[in-house]
Amino acid sequence: MRKQIERTLVFGAAAWLVLPPFVVAEEVFLADPVVVSATRTPIEAAKTGSSISVITQQDLEDNPQNTVAEAIETVPGVAVAPRGSLGASTEISVRGFDQSDILVRFDGIELADPGELRVQSDLGQILLGDVNRIEVLRGAQSALYGGEAIGGVIDITSGVGRGTGRTLKLFGEGGSYNTAVGGATVGLGELDWDLSASVQGARSAGFSAADKETGASERDGYENVTLSTVGSVDVTEFVTLGGAARYVERETQIDRIAGGLPVDADGRSVESELAAGRGFARVGLFEGQFMNEFSAQFLTSTREFKEATDSKFEGDRLKLEYLGSWDVTEGIDFVLGGDWTDEDVKTSDGVDEDSQIAGGFLQMVFEPTSYLTFTGAGRYDHHSEFGGEPTWRGTAAVQPLQGTVVRGAVATGFRAPSNRELFSPPGIFGPVGNPDLEPERSFTWEIGVDQNFFGGRARASATYFQSRTEDLIAFRFGEGFVQIEGDTERRGVELGLQARPFDNLDVNVAYTYLNAEEPDGDQLEFAPRHDVTTKVVWRPIERVTLTGTATYLGEVRDSGEDLSPFFVLNAVAAYEVVEDISLYVRVVNILDENYQRVDGFETSDLAAYAGFRAQF
């Protein structure tokens, strides 16, 4: 374990060694991004008071991956754990909150599946081919988004930008485990309208998710076809219509589960289909000073397990939403909104339930000076099963010196149990649903500082965060869903460094310490105590880009077992043949580490892939 930690820290410490005092250039490469997820209206990230990370199109090109889950692994506080090879169900943890507490939006469409045991999104199934930006917002956001954002928001966008003209993007990759991934995006971006459409697919023979030590060798293959489109048009100067749609069809071969662990099994698979869409009308009043957006979205999903006993799960969501933003005067903005959601689930084991939740919120953004910003929000939701629930949120950001930001946030949140958590009948392994469950309620706060150095060529950040969840809902094998009475505590520190010591070298290092405990002192499942990630992008000569990433996870508990710490090193080498056409090779698990992220589920051996990206 000590050697693994030392290797990670040595790899990351290279950043500090290449930050000599003679770096005095004034060029700022760390331009503060404008984000939407933190306040539901465009605002500079430094003014949100929140912990937010942005993955740009350039980041995705420097470190090509196949899924959103893989792309966000280097974000502070985020840990990712697939249950097998490409296409396997993937666990996500954000500061110890699992994916049922994280709201995932893709072009405004909420992707959580009402047909799952816990209403949540599987980021391991979202292919990256049409993605151009990801915002990861950490901390309770129920006041702005409702109950499913108790632990944070992941906001994904695609499409071409206005004024970009005709665009054709192609990509493809193939390699180990007979893997092939590819797709195309065609788009047109004019000054007053834009439209793009994408098709992408993935296929892999995979490897067995079952423990190698059991002699498992039967491969778990995967196929995915994804179609998507997004666009908008300005009908008049202050009226815009637009929408997005997404369709995913996939098949995943799975192992048999015995005692909570996978065991090789031929002929078992799950076939899934998801269709979702959103349309909106945006209307500006008072010459655009008061913007109003009316939208409707839907999602329908079907999952069918092909095994000894077939089973089927269907989920549906319909959501109507209003969002308004009003620039009252210089330094004072209001954001207000309301929404109504209906979720239905039908299963072959007898569940046929639906629930509705309606809510409204009001937020004020107050900026008395350009160096000081406050936000305050309050929300009230009414659930058809559990009644009314208020939540609130407040943030502050101050810039006492140029290049220094001190920020803080405090918020409450709640999550109501899903229909399947409540009403699923017992299975062959024991109880599942629990009709006595009550909503989870949480209180979170954080304080942090961001500091620029060397004329904007380096930025260090430090954040302390703490949350308390009352009556956490957890799944216990053999017991089903249970309510953990008392307070579950999550507290920790996030440290980060971004640097460009030379014009051809970028370094990003993040360390998260997390202490997440149930009321009895037991460590929470899949809440890594230590999480270190490092990403280095080096352009040694023109047209050549070398990217290396390193990950260390330590003190992880899953299924009542303490997993062994591990260190994984990956690398990418890319060559730009001509402008906008690149070839690359990426190698996964260079050290051929034998490790597990989820108890009993295997991970990739040393593997290599070759691919290309082109834009015309």
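What follows draws every value from the coordinates through simple rules; no lab data is involved. Please read these numbers as outputs of a predicted model, since none were measured by experiment. Counting neighbours? That spans all protein chains shown, and the Cβs are built from the backbone with ideal geometry, glycine included.
Based on the Cβ-Cβ distance from PHE443 to LYS212, what FRET efficiency comes out when R0 is 45 Å, to the nearest 0.05? Please report the intermediate quantities before stating the final value.
Values: r = 43 Å, r/R0 = 0.95.
With R0 = 45 Å, the Cβ-Cβ based efficiency is 0.55.
May I ask for the net charge around LEU524, where only other residues with Cβ less than 11 Å from the Cβ of LEU524 are counted and Lys, Arg are +1 while Asp, Glu are -1?
Its environment carries a net charge of -3.
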For the chain, calculated [θ]222 nm from helices alone, where every DSSP H run of n ≥ 4 adds -39500 (n - 2.57): -1500 deg cm²/dmol
Sorting GLN297, TRP326, GLY337 by the position of each Cα along the dipole of the range 296-346 (Lys, Arg +1; Asp, Glu -1; all at Cβ), the one nearest the positive end of that ordering is GLN297
Would you mind ranking GLU148, GLU73, GLU555 so that the residue whose beta carbon has the fewest other beta carbons within 10 Å leads the list? GLU555, GLU73, GLU148
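Determine the gain in length on full extension of the stretch GLU223-ALA462; use 0.36 nm per residue of separation and subtract their C-alpha separation, reporting nm with one decimal.
Extra length from GLU223 to ALA462 when fully extended: 81.9 nm.
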Label-point gap, in nm, between ALA573 and ALA184 - each point 7 angstrom along Cα→Cβ: 3.1 nm
ARG162 neighbourhood, Cβ < 11 Å, K/R = +1, D/E = -1, net charge -4
When we measure straight from the Cα of LYS319, which lysines land under 28 angstrom away, once same-chain ones fewer than 8 places off are left out? LYS346
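What's the magnitude of the charge dipole for the range 227-346 around its Cα centre, counting Lys and Arg as +1 and Asp and Glu as -1 at the beta-carbon? Answer in Debye, nearest 20.
300 debye
Averaging sequence separations of C-alpha pairs under 8 Å and six or more residues apart, then dividing by the length of the chain, give the relative contact order as a whole percent.
On the way: 1793 pairs, mean separation 81.6, N = 616.
Once divided by the residue count of the chain, the mean separation gives 13 percent.
How much length, in nm to one decimal, is gained on full extension between LYS312 and SER348, taken as 0.36 nm per residue of separation minus their Cα-Cα distance?
Working it through step by step, the gained length comes to 12.4 nm.
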The extension gain from VAL233 to ILE428, computed as 0.36 nm times the residue separation minus the Cα-Cα distance, is 64.9 nm
